[in-house]
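The values are calculated or read from the model by the stated rules, or taken from the named source; none is laboratory data. Small disclaimer: the values here were computed from a predicted structure and weren't measured. Note that each Cβ is placed from the backbone with ideal geometry, even for glycine, and that neighbours are counted across all protein chains shown.
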Amino acid sequence: MRFPLFPSLRTGGSQRCERCGLRFPTSKEQCNHCSKLSDTEVESLRRRVEREHAGHAELGRVFLILAAVVMALVMLLVLR
């Protein structure tokens, strides 16, 4: 019997909510993020999620630059 190297943690599929844009399990009938929120609360949620995504993108850029600097330093040390 073979076991997968990286077993999937997801047990089912997901779908995108038309109201808030976030994903929720297909086993649920309503979005667990926004089904109990008013329209103004949903807008606030969307803005917060967009800010978080922008922050994650910025962090990704920082790590990319750091990786490039480390690679350049390693190359300089190896080729010396």
Determine, yes or no, whether G21 is part of a loop (DSSP other than H, G, I, E, B) and either touching a Ser or Thr at 6+ places or on another chain (Cβ under 7 Å) or at pLDDT 95 or above (or both). no
If we ask which residues in segment 27-52 are under 19 Å from the mean Cα position of the chain (by Cα) and either within 24 Å of G12 (Cα to Cα) or charged (D, E, K, R) (or both), their number turns out to be 11
Quick check: is even one residue across segment 60-79 of a type in the set (A, V, I, L, M), under 15 Å from the mean Cα position of the chain (by Cα) and either farther than 17 Å from L22 by Cα or part of a helix (DSSP H, G or I) (or both)? no
Among the candidates V42, V74, residue that is modelled with pLDDT of 95 or more, touching a Lys or Arg at 6+ places or on another chain (Cβ under 9 Å) and surrounded by 10 or more Cβ atoms within 10 Å (Cβ to Cβ): V42
